[in-house]
Amino acid sequence: GRRSDPKAPSPRAANPTAGDAPRRAPPGGSLIPTSPFGRASSLLRHHRVHAGEKPSTCPVCRRSFACGSLLREHRQSRCQRKPHKCPTCGKRFASAKSLRKHRRLHAGDKPFACAECGKSFAGSKSLSKHRKTFSAGRPHQCGDCGKGFRDGRSLRRHRLIHSGEKPFECPECGKRFRASSTLVIHRRIHSGEKPYECGRCRKRFMSSSSLTKHLRSHRGKELPGEGRE
């Protein structure tokens, strides 16, 4: 018999539909193309993605979705937990009271005033936090972080941290510092001055903090000549 060419394509490979049962149209209709979507509703939902259609609208926030299931998921999460939306910035809140308090920030309304200093706040909690500085003996409060200080000088020095300002400059090297006391210690690097002396070993230091740290090294130790009598 004739030997077939092994390289020749099989009738099935040349025609992938060969051997398949013929597809018949339903009665009174035409052939329906195959689809990766199991249901017609899934296909319709998919078509809306391409068309940009979003017929399902949330009654709380008016946001629209392509299908009802996405709307239900949305309402069960965000809108149900925080249905109150700020019309100015869009931030959402769980209660109308929280929203009213938040809206005071946009309006600049500060109905809660401190009886001690007259400073006003948008919320009662902010006022309570502020008043604690007086009970702790720190009536001078930083407007940036809320930290309290005993006197205005300490507050002004602290506020340099927020502003980044360093008004004290070293005349020798130009390095700048927030506090004059830090500049004084720094200048001893240039002068070689060491005014703080250890009473036990006579070693000298530029700052009191360096001396304090050094004294810890003597704890539980005896220096030569300090033997017990």
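The values are calculated or read from the model by the stated rules, or taken from the named source; none is laboratory data. None of these values were measured; they are calculated from a predicted model. Virtual Cβ from ideal backbone geometry, glycine too; neighbours counted across all protein chains shown.
General observations
- The selection criterion, being within 26 Å of the chain's Cα centre (by Cα), outside the structural domain of Asp151 (by TED's automatic domain parsing) and free of Cβ contacts under 8 Å to residues at least 24 places away in the same chain, holds for Lys101.
- The listed residues are Ser207, Ser154, and the only one of them that is assigned by TED's automatic domain parsing to the domain that holds Lys119 and of a type in the set (S, T, N, Q) turns out to be Ser154.
- Here Pro83 meets each of (1) exposed (fewer than 13 other Cβ atoms within 10 Å of the Cβ); (2) modelled with pLDDT under 75 with one exception, condition (1).
- Among the residues making up the range 163-179, those that are in a loop (DSSP other than H, G, I, E, B) and not charged (D, E, K, R) are Gly164, Pro167, Cys170, Pro171, Cys173, Gly174, Ala179.
- Arg131 vs. criteria part of a helix (DSSP H, G or I), closer than 28 Å to Arg104 by Cβ and in contact with a Cys (Cβ under 9 Å, 6 or more places away or on another chain): yes
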